[in-house]
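Undergrad: Here's a structure for you.
The values are calculated or read from the model by the stated rules, or taken from the named source; none is laboratory data. Note that the structure is predicted; figures quoted are calculated from it, not measured. As a convention, Cβ positions derive from the backbone with ideal geometry for all residues, glycine included, and neighbour counts pool all protein chains shown. Surface accessibility is based on the protein's heavy atoms, side chains included, excluding ligands, DNA and RNA. Shrake-Rupley method; radii C 1.70, N 1.55, O 1.52, S 1.80 Å.
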Amino acid sequence: LAFQTWPWWLPQQGDGDYVVLLHGLGRSSGSMRGMEAFLRRNGYEVVNINYPSRTADLETLTRDSVAPAIAKRCPRPKPIHFVTHSMGGILVRHLLADGLVPEARLGRIVMLAPPNQGSEVVDFLKHRWLLARILGPAFPELGVGTERPAPPRNGTAIGIVCGDRSINWINSTLIPGPDDGKVAVERGKLPEMADFLLVHRTHPWIMDAPEVQSATVRFLKRGKFLDPEAAALRL
């Protein structure tokens, strides 16, 4: 099989709204394959973007990699939703602040484990020269004290999912309160969020949790994570 058609087991694209997936720092679009498959089964046309997360700062990644990919791969005039993991949520904030997604087409946004208010782990590690060099220019921008673009205030519904399970106890000693090993639960939140969901999952794999995938589709459809009236999902 040609590389661009891999993996062959993904369900066929739906013909519904676009959903753009943005992975986190040091990951790839492969980390979002499970979410991609679930969204496809539930009728969405999924655009799983692979961007070079360790090569540039957040603004450059947004302008030179993510925005052009969206413009190329979302050509039809229908809504564009976003589902992000970790740093991907901050890239969406840059996209919207810079007007790189047409406001008329902007749908709902689901952020999974986002460092919206930064991470103490980044603050601790960003001065370690070798690690900072490996993780790239965007890494120190994810610290607690770093200024970020304001979330959209045009009525865009933002849903946030955070985990409270850690597999890295060393990281967790740096983080106050419940955390997922990378980000404190409280630092994932935004005052502007329309809904919030706490799950017993860890940072690297929160997007693969069945309850997170189901809640994501409910939010995209209805604007809330827990909806007993929602139609059955294709699991």
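Undergrad: Please list, ordered by first then second residue, the pairs with beta carbon atoms under 6 Å, 6 or more apart or interchain, first in the stretch 154-179 and without any contact (Cβ under 8 Å) to a residue 24 or more places away in the chain, second surrounded by fewer than 20 Cβ atoms within 10 Å (Cβ to Cβ) and of a type in the set (Val, Ile, Thr).
TA: Qualifying pairs under 6 Å: Pro178/Val185.
Undergrad: Within the stretch 81-126, track down each residue that is in a strand (DSSP E or B), among the aliphatic types (A, V, I, L, M) and surrounded by fewer than 22 Cβ atoms within 10 Å (Cβ to Cβ).
TA: Looking only at the stretch 81-126, we keep the residues that are in a strand (DSSP E or B), and these are 81-85, 106-112, 119.
Applying the additional criterion that residues be among the aliphatic types (A, V, I, L, M) yields 83, 106, 109-112.
Across the stretch 81-126, the qualifying residue is only Leu106.
Undergrad: Can you pull out the residues in the stretch 30-52 that are free of Cβ contacts under 8 Å to residues at least 40 places away in the same chain, among the aliphatic types (A, V, I, L, M) and over 16 Å from Gly89 (Cβ atoms)?
TA: Selection gives Ala37, Val46, Val47.
Undergrad: Out of (1) touching a residue at least 60 places away in the same chain (Cβ under 8 Å); (2) in a helix (DSSP H, G or I), what's the single condition that is false for Thr55?
TA: With respect to (1) touching a residue at least 60 places away in the same chain (Cβ under 8 Å); (2) in a helix (DSSP H, G or I), Thr55 is out only on (2).
Undergrad: Let me ask something additional. Scan the stretch 61-82 and report the pairs whose first residue is under 17 Å from Leu220 (Cα atoms) and whose second residue is in a helix (DSSP H, G or I), with Cβ atoms within less than 6 Å and a gap of 6+ or a chain change.
TA: Within 6 Å, the pairs are Pro79/Arg105; Ile80/Arg105; His81/Leu220; Phe82/Val92.
Undergrad: What pairs can you find where one residue is in the stretch 184-195 and touching a residue at least 12 places away in the same chain (Cβ under 8 Å), the other is among the small types (Gly, Ala, Ser) and in a loop (DSSP other than H, G, I, E, B), and their Cβ atoms are less than 7 Å apart, with a gap of 6+ or different chains?
TA: From the stretch 184-195, the pairs are Ala184/Gly177; Val185/Gly177; Glu186/Gly177; Arg187/Gly118; Gly188/Ala113; Ala194/Ala157; Ala194/Gly223.
Undergrad: Moving on to the next point. Those residues that are outside any helix (DSSP H, G or I), modelled with pLDDT under 95 and among the small types (Gly, Ala, Ser), I need them from the stretch 127-150; list them, please.
TA: First, pick out the residues of the stretch 127-150 that are outside any helix (DSSP H, G or I): 127-128, 136-138, 143-150.
After this cut, where a residue has to be modelled with pLDDT under 95 as well, the list is 127-128, 145-150.
Correct list: Gly145, Ala150.
Undergrad: Of all residues in the stretch 128-153, how many are under 24 Å from Arg108 (Cβ atoms) and open to solvent by less than 70 Å² (accessible area, probe 1.4 Å)? Spell out the reasoning first.
TA: So the first thing to find is which residues in the stretch 128-153 are under 24 Å from Arg108 (Cβ atoms), and the list is 142, 148-153.
Then drop every residue that is not open to solvent by less than 70 Å² (accessible area, probe 1.4 Å), which leaves 142, 148-152.
Of the residues in that region, 6 qualify.
Undergrad: If you don't mind, there's one more thing I want to ask. Which members of the stretch 196-213 meet the condition of being polar (S, T, N, Q) and either without any contact (Cβ under 8 Å) to a residue 24 or more places away in the chain or more than 25 Å from Ile80 (Cβ to Cβ) (or both)? Outline the logic, then answer.
TA: Start the filter on the stretch 196-213 by keeping residues that are polar (S, T, N, Q), which leaves 202, 213.
Scanning the stretch 196-213 gives a single hit, Thr202.
Undergrad: May I ask you to list the residues in the stretch 180-224 that are farther than 27 Å from Ser28 by Cβ, open to solvent by less than 60 Å² (accessible area, probe 1.4 Å) and of a type in the set (Asp, Glu)?
TA: Across the stretch 180-224, the qualifying residues are Glu192, Asp195.
Undergrad: Now a separate question. What about Gly163, is it buried (at least 22 other Cβ atoms within 10 Å of the Cβ) and closer than 19 Å to Pro115 by Cβ? Spell out the reasoning first.
TA: Details: buried (at least 22 other Cβ atoms within 10 Å of the Cβ): yes; closer than 19 Å to Pro115 by Cβ: yes.
Taking the combined requirement at face value, the residue satisfies it.
Undergrad: Also, I was wondering about something else. Of (1) within 20 Å of Arg201 (Cα to Cα); (2) touching a helix residue (DSSP H, G or I) at 6+ places or on another chain (Cβ under 7 Å), Glu120 satisfies all except one. Which?
TA: Against the list (1) within 20 Å of Arg201 (Cα to Cα); (2) touching a helix residue (DSSP H, G or I) at 6+ places or on another chain (Cβ under 7 Å), Glu120 comes up short only on (2).
Undergrad: Could you tell me which numbered condition Ser172 fails, if it satisfies all but one of (1) within 16 Å of Gly24 (Cβ to Cβ); (2) open to solvent by 10 Å² or more (accessible area, probe 1.4 Å); (3) among the small types (Gly, Ala, Ser)?
TA: Only one criterion in (1) within 16 Å of Gly24 (Cβ to Cβ); (2) open to solvent by 10 Å² or more (accessible area, probe 1.4 Å); (3) among the small types (Gly, Ala, Ser) is unmet by Ser172, namely (1).
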